[in-house]
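To start, the structure under review is shown below, and the notes come after it.
The values are calculated or read from the model by the stated rules, or taken from the named source; none is laboratory data. In this text, all values refer to a predicted model and were calculated from it rather than measured experimentally. Reconstructed Cβ throughout: ideal geometry from the backbone, glycine too, with neighbour counts over all protein chains shown.
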Amino acid sequence: MSEQHQLALQLSNVEVSYGGRPVLREVSFDIPTGVLAAIVGPNGAGKSTALKATLGLVPLTNGDVRILGTTLRANRRRVAYVPQQDLVTKDFPITAIQVVEMGRYPHRGWFRRLGADDDAAVAEAVERTGIGALLDEPLDELSGGQRQRVFLARALAQRADLLVLDEPFTAVDTRTEEALVDLLAELCADGATVLAVHHDLRTVAERFDHAVLLAGTVLAAGEVSDVLTTEALARAYGLAPRHTEPARAAR
Amino acid sequence: MNALLDLLPLPYPEAVVATGSAVLGFIAGSLAPFAVLRGRAMFGDAMSHGTLPGVALAFLFVGVKDPAVLLVGAAICALGAAALMIGLERAGRTAPDAAIGITLSASFALGIVLLTHIAQGGSGQQSGLDAYLFGQAAGMVVRDVWFTLILGGLALLAIVVFFRLLRSASFDPQFSAVAGVPTWTIDAASTALLVIAVVLGVRTVGAILMVALLVAPCVAARALTNRLGTLVPVSGAIGALAGVSGALLAGRAGLPTGPVIVLLATAFAAAALLFAPRRGVLSRAWRRHAARSARLESEQVSR
């Protein structure tokens with residue numbers, strides 16, 4: 001197997017600008033297959049933008065992204081994305097099970113009925129995320145933690161090889177966060193790769209394998225213990241290191 | 001269609017108006033949710049105001065008051081309004097509400113100037129153009145009903161065929177984009193559906209008030225259901241009810257059609273928001289009350 005194949009994700013010299021203002025400069029990092037990886041960094045570091053650039057949701061002004069050894073276009077079914085909660089239409093009339101079933105659409109297409117293997121994938125995702133009792137509930141009546149379980153179930157139903165999650169634990173209770181991190185770790189043990197934007201540095205240090213420290217550009221990337229050093233954190237946050245990011249300002 | 005119209009217990013012109021308004025209400029109610037649920041209702045309002053200069057320009061260029069010609073003008077200018085808003089947002093970096101405000105008032109102003117200019121021409125041909133302001137159901141002929149039915153029916157068919165895609169992309173555009181459907185396609189689709197609804201409705205309901213026939217049925221239906229697959233037909237049915245009852249009522253009472261349809265649609269929305277079984281204000285208040293009493297009771301028992 002070539003070295004390329006063992007990398008789930010490879011960003012080289014990625015550059016993104018919003019309205020002429022550069023948000024990411026010379027971003028290069030690799031995520032090996034089968035790790036639980038976090039993108040960390042201060043507010044405005046471009047963490048979400050890095051994920052969106054990876055998934056082709058914002059145009060690159062320069063650079064190159066390789067997913068699972070090739071391009072996103074060749075791998076759409078194998079990549080699952082859990083967007084930030086405020087990018088999902090609020091108050092939309094949809095039930096929990098309908099959201100989970102969306103995870104099968106990349107496989108089944110936009111027109112064909114879901115088949116037995118789709119139903120099996122959905123049932124397994126529902127079981128692993130523990131949302132069996134919520135299936136017919138309207139999404140807008142669920143708590144933050146329940147909603148996030150539903151979105152993770154959609155990603156599981158997709159049976160993807162690369163899961164990309166943007167702030168998956170915002171507005172989520174501690175118990176759910178622990179259950180979800182356990183689940184993500186299980187997925188990695190089964191061979192999937194997980195990349196999450198996450199800002200609780202304590203959880204990152206304890207639970208994640210791999211980290212990318214971002215502040216407009218990559219300050220450090222690699223094994224968590226090598227990345228989250230006092231010196232690197234001081235550089236990223238521009239002050240004495242601390243264990244959690246300050247309360248997020250209104251976006 | 002004439003055989004069907006004869007079955008209605010109404011004089012023939014009223015039967016045409018009732019059927020036409022019902023069809024229009026159903027189509028507007030079913031097409032609008034894809035924009036309204038994404039917070040783009042006022043986008044539709046500005047497009048509806050944008051039809052006015054379109055109607056006036058079409059009349060000035062062609063010189064006849066043929067509804068089909070005027071509606072083509074209306075559609076072109078409504079799309080122009082949409083393009084202007086998107087341009088202001090993207091290139092001009094204007095906030096969406098400001099872009100809508102500018103476009104809405106500017107197209108309305110242009111429409112009024114052009115309509116006044118036409119009225120001063122005094123050819124006699126122009127009378128009736130002001131119907132596009134407040135709407136007029138009287139004078140609707142079977143050909144208008146067919147036109148609404150065919151164009152609206154095609155749009156409805158597109159919704160049925162692309163339902164899964166429309167639902168996914170309206171709900172979570174980023175997910176759909178990763179799955180290979182670029183975000184702009186859902187914007188374009190919901191804008192196209194709005195243009196069709198607006199253009200079909202503007203003569204009956206009027207440019208100023210058309211937005212209410214897009215929004216009110218959707219608001220009412222949202223209170224009654226938690227599934228998009230139910231919401232779309234329910235919203236259509238509420239729109240149809242408002243259309244038919246409003247047009248008949250306005251015709252008999254000698255009132256302007258648009259405002260009466262809009263008042264009825266709003267009344268339906270208000271009733272649904274208040275009395276809906278699960279999401280209604282009253283049922284929510286009742287559930288809160290019941291939960292509180294249950295809690296108090298259990299606290300008393302445990303004491």
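Output yes when any residue across region B:225-241 is within 22 Å of B:Phe43 (Cα to Cα) and in a loop (DSSP other than H, G, I, E, B), and no when none is.
no
For the structure I just gave you, tell me whether A:Ala125 is touching a Gly at 6+ places or on another chain (Cβ under 8 Å), within 19 Å of A:Asn75 (Cβ to Cβ), not aromatic (Phe, Trp, Tyr) and not in a loop (DSSP other than H, G, I, E, B).
Working: touching a Gly at 6+ places or on another chain (Cβ under 8 Å): yes; within 19 Å of A:Asn75 (Cβ to Cβ): no; not aromatic (Phe, Trp, Tyr): yes; not in a loop (DSSP other than H, G, I, E, B): yes.
Considered against the rule, which asks whether it is touching a Gly at 6+ places or on another chain (Cβ under 8 Å), within 19 Å of A:Asn75 (Cβ to Cβ), not aromatic (Phe, Trp, Tyr) and not in a loop (DSSP other than H, G, I, E, B), A:Ala125 comes out as no.
Starting from residues that are within 13 Å of chain B (Cβ to nearest Cβ) and surrounded by fewer than 18 Cβ atoms within 10 Å (Cβ to Cβ), keep the ones in region A:66-75 and report whichever is farthest from A:Pro106 (Cα to Cα).
Of all residues in region A:66-75, those within 13 Å of chain B (Cβ to nearest Cβ) come to A:67, A:71-75.
Okay, now just the ones that are also surrounded by fewer than 18 Cβ atoms within 10 Å (Cβ to Cβ), so A:71, A:73-75.
Values: A:Thr71: 16, A:Arg73: 12, A:Ala74: 12, A:Asn75: 10 Å.
This residue is A:Thr71.
Somewhere in region B:40-54, is a residue closer than 21 Å to B:Gly243 by Cα, within 14 Å of another protein chain (Cβ to nearest Cβ) and either surrounded by fewer than 24 Cβ atoms within 10 Å (Cβ to Cβ) or touching a strand residue (DSSP E or B) at 6+ places or on another chain (Cβ under 8 Å) (or both)?
Checked against the condition, which is being closer than 21 Å to B:Gly243 by Cα, within 14 Å of another protein chain (Cβ to nearest Cβ) and either surrounded by fewer than 24 Cβ atoms within 10 Å (Cβ to Cβ) or touching a strand residue (DSSP E or B) at 6+ places or on another chain (Cβ under 8 Å) (or both), region B:40-54 yields at least one hit.
Find the residue count for region A:100-139, including only residues that are within 8 Å of chain B (Cβ to nearest Cβ) and within 15 Å of A:Arg159 (Cα to Cα). Show your work before the answer.
At the first step, the residues of region A:100-139 found to be within 8 Å of chain B (Cβ to nearest Cβ) are A:102, A:105-106, A:110-111, A:138.
Filter once more, so that each one left must be within 15 Å of A:Arg159 (Cα to Cα): A:102, A:105-106.
Selection size over region A:100-139: 3.
Report, by residue number, each residue of region B:132-157 that is at pLDDT below 90, under 17 Å from the mean Cα position of the chain (by Cα) and either outside any loop (DSSP other than H, G, I, E, B) or more than 13 Å from B:Val202 (Cβ to Cβ) (or both).
Correct list: B:Tyr132, B:Leu133, B:Phe134.
Consider B:Leu194 carefully, then state whether it is modelled with pLDDT under 95, within 30 Å of A:Gln84 (Cβ to Cβ), surrounded by fewer than 24 Cβ atoms within 10 Å (Cβ to Cβ) and not β-branched (Val, Ile, Thr).
Working: modelled with pLDDT under 95: yes; within 30 Å of A:Gln84 (Cβ to Cβ): yes; surrounded by fewer than 24 Cβ atoms within 10 Å (Cβ to Cβ): no; not β-branched (Val, Ile, Thr): yes.
So B:Leu194 does not fit the description; no.
Filter region A:40-63 down to the residues that are away from chain B (no Cβ under 14 Å) and buried (at least 18 other Cβ atoms within 10 Å of the Cβ), then identify the one that is farthest from the chain's Cα centre (by Cα). Walk me through how you get there before you give the answer.
Going residue by residue through region A:40-63, those that are away from chain B (no Cβ under 14 Å) are A:40-47, A:50, A:60-63.
So of that shortlist, the ones also buried (at least 18 other Cβ atoms within 10 Å of the Cβ) come out as A:40-42, A:45-47, A:50, A:60.
On the way: A:Val40: 12, A:Gly41: 15, A:Pro42: 17, A:Ala45: 16, A:Gly46: 14, A:Lys47: 11, A:Ala50: 11, A:Leu60: 19 Å.
Among those residues, the one meeting the criterion is A:Leu60.
Being in contact with a Leu (Cβ under 6 Å, 6 or more places away or on another chain) and within 24 Å of B:Thr225 (Cα to Cα) is the filter here; which residues of region A:105-143 pass it?
The one that is in contact with a Leu (Cβ under 6 Å, 6 or more places away or on another chain) and within 24 Å of B:Thr225 (Cα to Cα): A:Trp110.
Being within 14 Å of chain A (Cβ to nearest Cβ) and among the polar types (S, T, N, Q) is the filter here; which residues of region B:128-170 pass it? Working first, answer last.
The first filter runs over region B:128-170 and keeps only residues within 14 Å of chain A (Cβ to nearest Cβ), leaving B:157-170.
Across region B:128-170, the qualifying residues are B:Ser168, B:Ser170.
Checking B:Pro173 against (1) in contact (Cβ under 8 Å) with a residue 40 or more places away in the chain; (2) within 13 Å of chain A (Cβ to nearest Cβ); (3) not basic (Lys, Arg), which test does it fail?
All conditions are met except number (1).
Against the conditions (1) surrounded by 24 or more Cβ atoms within 10 Å (Cβ to Cβ); (2) part of a loop (DSSP other than H, G, I, E, B), where does B:Lys65 fall short? Just the number, please.
The number of the failed condition is (1).
Go over the candidates B:Arg287, B:Arg252, B:Arg203, B:Arg292 one by one and state the one that is over 22 Å from the mean Cα position of the chain (by Cα), closer than 24 Å to B:Ala131 by Cβ and assigned to a helix (DSSP H, G or I). Full working, then the answer.
Working: B:Arg287 fails: closer than 24 Å to B:Ala131 by Cβ; B:Arg203 fails: over 22 Å from the mean Cα position of the chain (by Cα); B:Arg292 fails: closer than 24 Å to B:Ala131 by Cβ.
Matching residue, one of B:Arg287, B:Arg252, B:Arg203, B:Arg292: B:Arg252.
On the basis of being farther than 30 Å from B:Ala221 by Cβ, charged (D, E, K, R) and at pLDDT 95 or above, does A:Glu178 make the cut? Outline the logic, then answer.
On the way: farther than 30 Å from B:Ala221 by Cβ: yes; charged (D, E, K, R): yes; at pLDDT 95 or above: no.
No: the conditions fail for A:Glu178.
Could you give me the residue pairs with C-beta distances under 6 Å whose first residue belongs to region A:227-250 and is within 14 Å of A:Val40 (Cα to Cα), whose second residue is of a type in the set (Gly, Ala, Ser) and at pLDDT 80 or above wherever it lies, and which are 6+ apart or on separate chains?
Note: pairs meeting the criteria are A:Val227/A:Ala211; A:Val227/A:Ala220; A:Leu228/A:Ala205; A:Ala232/A:Ala220; A:Ala236/A:Gly41; A:Ala236/A:Ala215; A:Pro241/A:Ala234.
Filter region A:76-99 down to residues that are among the polar types (S, T, N, Q) and facing chain B (nearest Cβ under 9 Å) and give me whichever is farthest from A:Val65 (Cα to Cα).
Here is the first cut: in region A:76-99, the residues among the polar types (S, T, N, Q) are A:84-85, A:89, A:95, A:98.
This time we only want the ones that are facing chain B (nearest Cβ under 9 Å), so: A:84, A:89, A:95, A:98.
Numbers: A:Gln84: 21, A:Thr89: 28, A:Thr95: 34, A:Gln98: 31 Å.
Filtering region A:76-99 for residues that are among the polar types (S, T, N, Q) and facing chain B (nearest Cβ under 9 Å), the one farthest from A:Val65 (Cα to Cα) comes out as A:Thr95.
Quick one: which residue in B:Thr230, B:Thr225, B:Thr266 is touching a helix residue (DSSP H, G or I) at 6+ places or on another chain (Cβ under 6 Å), closer than 25 Å to B:Leu37 by Cα and within 14 Å of chain A (Cβ to nearest Cβ)?
Details: B:Thr230 fails: touching a helix residue (DSSP H, G or I) at 6+ places or on another chain (Cβ under 6 Å); B:Thr266 fails: within 14 Å of chain A (Cβ to nearest Cβ).
Testing whether each residue is touching a helix residue (DSSP H, G or I) at 6+ places or on another chain (Cβ under 6 Å), closer than 25 Å to B:Leu37 by Cα and within 14 Å of chain A (Cβ to nearest Cβ) leaves just B:Thr225.
What are the residues in region A:154-169 that are farther than 27 Å from A:Ala116 by Cα and either part of a loop (DSSP other than H, G, I, E, B) or of a type in the set (Gly, Ala, Ser) (or both), if any? Give the derivation first.
Applying the first criterion (farther than 27 Å from A:Ala116 by Cα) to region A:154-169 yields A:165-169.
Within region A:154-169, A:Glu167, A:Pro168, A:Phe169 meet the criteria.
List the number of the failed condition for A:Thr193; all other conditions in (1) out of contact with any strand residue (DSSP E or B) (no Cβ under 9 Å at 6 or more places or on another chain); (2) among the hydroxyl-bearing types (Ser, Thr, Tyr); (3) buried (at least 18 other Cβ atoms within 10 Å of the Cβ) hold.
(1)
Out of the residues in region A:140-152 that are under 24 Å from A:His107 (Cα atoms) and within 14 Å of another protein chain (Cβ to nearest Cβ), state the one that is surrounded by the fewest Cβ atoms within 10 Å (Cβ to Cβ). Show your work before the answer.
Taking region A:140-152 as the starting set, the residues that turn out to be under 24 Å from A:His107 (Cα atoms) are A:147-152.
With the extra rule that they be within 14 Å of another protein chain (Cβ to nearest Cβ), the set shrinks to A:147-148, A:150-152.
Values: A:Arg147: 22, A:Gln148: 25, A:Val150: 25, A:Phe151: 26, A:Leu152: 27.
Selected residue: A:Arg147.
Do we find a residue being within 21 Å of the chain's Cα centre (by Cα), within 26 Å of B:Arg167 (Cβ to Cβ) and in a helix (DSSP H, G or I) anywhere in region B:3-19? Quick ask: steps written out before the conclusion?
Taking region B:3-19 as the starting set, the residues that turn out to be within 21 Å of the chain's Cα centre (by Cα) are B:16-19.
Add one more test, that the residue is within 26 Å of B:Arg167 (Cβ to Cβ), and what stays is none.
No.
With B:Gly280, B:Gly229, B:Gly251 as the choices, which residue is touching a Leu at 6+ places or on another chain (Cβ under 7 Å) and small (Gly, Ala, Ser)? Show your work before the answer.
Numbers: B:Gly229 fails: touching a Leu at 6+ places or on another chain (Cβ under 7 Å); B:Gly251 fails: touching a Leu at 6+ places or on another chain (Cβ under 7 Å).
Matching residue, one of B:Gly280, B:Gly229, B:Gly251: B:Gly280.
So B:Ala189 ticks every box in (1) surrounded by 23 or more Cβ atoms within 10 Å (Cβ to Cβ); (2) small (Gly, Ala, Ser); (3) within 14 Å of chain A (Cβ to nearest Cβ) but one. Which box is left unticked?
(1)
Do we find a residue being under 30 Å from B:Glu14 (Cβ atoms), under 23 Å from the mean Cα position of the chain (by Cα) and not in a helix (DSSP H, G or I) anywhere in region B:47-58?
No: region B:47-58 contains no residue that is under 30 Å from B:Glu14 (Cβ atoms), under 23 Å from the mean Cα position of the chain (by Cα) and not in a helix (DSSP H, G or I).
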